[in-house]
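A short write-up of the structure that comes next.
Bear in mind these aren't lab numbers, they're just calculated from the coordinates by the rules spelled out. Quick caveat, the model's predicted, so the values are computed rather than measured. All Cβ positions, even for glycine, are placed from backbone atoms using ideal geometry, and neighbour counts span all protein chains on display.
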Amino acid sequence: MRVKSKKVDLAEGDLTPMIDMAFQLIAFFMVLINFAQTESNDRVKLPSSQLVKPPEAPLEFPIILHVAKDGEIFLGGDSFTAETLRVGLNNEIAVIKAEGKSVKDANVVIRAHKDTAAGDVQEVIRVAQEVNLENFALRVKEDRS
Amino acid sequence: MKIRNREEGQETQLNMTSMIDIVFLLLIFFVMTFKIVELEGDFSVRMPLAGNDSVAMDSTELPIKLRMRADELGRLTSLSLNEIDLGQDFDQLRGNVISLIGTTTPVEGDDGPEIEIDTDYNLRYEYVIRAITAVSGYKDGNEVVKLIEKIKFAKPRR
């Protein structure tokens with residue numbers, strides 16, 4: 001009987017290494033997690049280029065336009081077409097002007113899907129030009145191969 | 001004394017189960033929300049509305065014209081730089097740009113050459129980015145050599 005009770009004691013394994021590993025994994029994922037990546041859109045797959053580098057400083061007053069493959073434009077959660085985009089842009093410009101800056105300080109970041117028709121992107125630029133926006137950034141994925 | 005010793009020895013064993021439960025919950029949360037961030041960068045294009053800008057009218061230098069043609073599926077069929085046909089070769093395009101601007105040293109400020117990209121409407125955007133990559137510079141080891149920094153688009157073709 002005594003021997004049996006000793007066996008019960010042995011069955012409690014040492015959990016320390018497992019907890020160590022679990023904490024290490026948690027620390028790893030916590031460090032790498034990036035909540036700030038909210039400006040991406042599931043329907044946009046960017047083209048890639050070897051020449052671009054991630055910007056050192058974030059752009060001032062960015063207006064981020066997502067252009068999906070079928071030419072649909074997303075601006076701040078709303079969906080637009082090239083014809084109706086002007087309304088959305090005017091709202092953004094109103095915000096920028098309320099902060100005491102001019103339209104020319106704004107940066108239009110165009111995140112277009114790689115298979116979008118180039119003409120659709122040109123239409124987006126044309127509409128933005130018509131509301132006096134003039135700084136554009138064509139966002140692409142960095143290709144490090 | 002003997003009884004006390006025994007009791008103290010037994011009390012030091014903590015119950016780990018609840019902590020491990022929480023730790024695994026946290027671990028699963030972070031694993032599920034984990035997403036490898038792809039690094040992104042920008043090609044900057046400064047394009048005021050044509051006609052409003054008097055500076056552009058003063059410029060004596062005409063922009064280099066790049067024409068891109070597409071088939072009905074949006075694939076690239078031909079490139080031509082200032083009416084010189086280049087086929088579909090982006091390396092050749094870069095070579096021609098280097099010979100056109102005459103130097104491979106980077107040009108500072110707003111005085112650099114300008115290129116106007118005139119593309120068919122249905123050409124895939126990816127090819128436009130490849131063309132912009134080819135004309136705006138090349139990689140020499142880890143250094144990026146810049147060629148043309150001023151890029152603009154022609155009117156969209158319908």
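As a length-normalised measure over Cα pairs under 8 Å and 6 or more apart, the relative contact order of the stretch B:62-153 settles at 33 percent. Annotation for the stretch A:45-145: trypsin sites (Lys or Arg not before Pro) lying in DSSP loop with at most 16 further Cβ atoms inside 10 Å of their Cβ are A:Lys101, A:Arg144. As a calculated quantity, the FRET efficiency between B:Ser78 and B:Asp140 at R0 = 35 Å, using C-beta atoms, amounts to about 0.80.
What pairs from A:Lys101/B:Lys65; A:Lys97/B:Lys65; A:Lys45/B:Lys65; A:Lys97/B:Lys139 go past 32 Å between their alpha carbons? Intermediate values should be presented prior to the final figure.
On the way: A:Lys101/B:Lys65 34 Å; A:Lys97/B:Lys65 36 Å; A:Lys45/B:Lys65 28 Å; A:Lys97/B:Lys139 40 Å.
As for pairs spanning more than 32 Å Cα to Cα, those are A:Lys101/B:Lys65; A:Lys97/B:Lys65; A:Lys97/B:Lys139.
Rg and Dmax, both from the Cα atoms of the stretch A:48-142 and both in Å, are 13.1, 38.
Taking every residue in B:141-153 and counting other chain Cβ atoms within 10 Å of its Cβ, the average works out to 1. Counted residue by residue at 0.36 nm each, then reduced by the alpha carbon distance between them, the extension gain from B:Asp89 to B:Met19 reaches 19.1 nm.
What is the mean number of Cβ atoms from other protein chains located within 10 Å of the Cβ atom of each residue in peptide B:15-23, rounded to a whole number? Walk me through the numbers on the way to the answer.
Working: counts 0, 5, 1, 0, 3, 4, 0, 0, 6.
Averaged over the peptide's residues, the number is 2.
Let me spell out the model: positive unit charges on the Cβ of Lys and Arg, negative unit charges on the Cβ of Asp and Glu, origin at the Cα centre of chain A. What dipole size does that give, in debye rounded to 20? It would help to have the intermediate numbers written out before the result.
Details: 18 positive and 22 negative charges, 136 e Å.
Using only the charged Cβ atoms, the result is roughly 660 debye.
Taking chain A as the reference, fit the longest principal axis to its C-alpha atoms, fit the long axis of helix A:118-130 to the helix C-alpha atoms, and give the angle between the two in degrees, 0 to 90, nearest 10. It works out to around 60 degrees. Across the stretch A:20-145, C-alpha contacts under 8 Å between residues 6 or more apart give a mean separation that, scaled by the residue count, equals a relative contact order of 33 percent.
Given R0 = 41 Å, the distance between the Cβ atoms of B:Phe34 and A:Ser145 translates into a calculated FRET efficiency of 0.95. Count charges around A:Leu51 for me, please; just the other residues with Cβ under 12 Å from its Cβ, Lys/Arg as +1, Asp/Glu as -1. After counting each charged neighbour, the total is +1.
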